[in-house]
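The values are calculated or read from the model by the stated rules, or taken from the named source; none is laboratory data. Being a predicted model, the structure only gives us computed values, none of them experimental. Positions of Cβ are generated from backbone atoms using ideal geometry, with glycine treated the same way; all protein chains shown enter the neighbour counts. Protein only, heavy atoms only, side chains kept; ligands, DNA and RNA dropped before computing areas. Shrake-Rupley method; radii C 1.70, N 1.55, O 1.52, S 1.80 Å.
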Amino acid sequence: MNLEKLVKKLEKGICLVKYEDLRTGETKQREMTLVPENTKGMDARALNDGDKLGGRILMFDVEFGRWADIREDTIIDWFRVE
């Protein structure tokens, strides 16, 4: 999984991210973004710069209006929807 590429796409729009939930083990599919206009004004792009999260990525769940911290090794697939 190329985490850097995903972050760049999230910064430009909404991506559909399919991942395994660590708590429940179920596969989830969510629309995520890092565009500040869609994240209640918070700009988290700098938090995802480099390896600060240690194989994790902070992204905003568009539907539920909250932040999600997803481990890189749980991401199954993703694609840009816009």
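Couple of notes before you dig in:
- Selection count, region 44-63, where residues are modelled with pLDDT of 70 or more and open to solvent by 70 Å² or more (accessible area, probe 1.4 Å): 2
- Taking region 1-29 as the range and being part of a loop (DSSP other than H, G, I, E, B), without any contact (Cβ under 8 Å) to a residue 60 or more places away in the chain and over 17 Å from PHE64 (Cα atoms) as the test, the residues that pass are ASN2, LEU22, ARG23, THR24, GLY25, GLU26.
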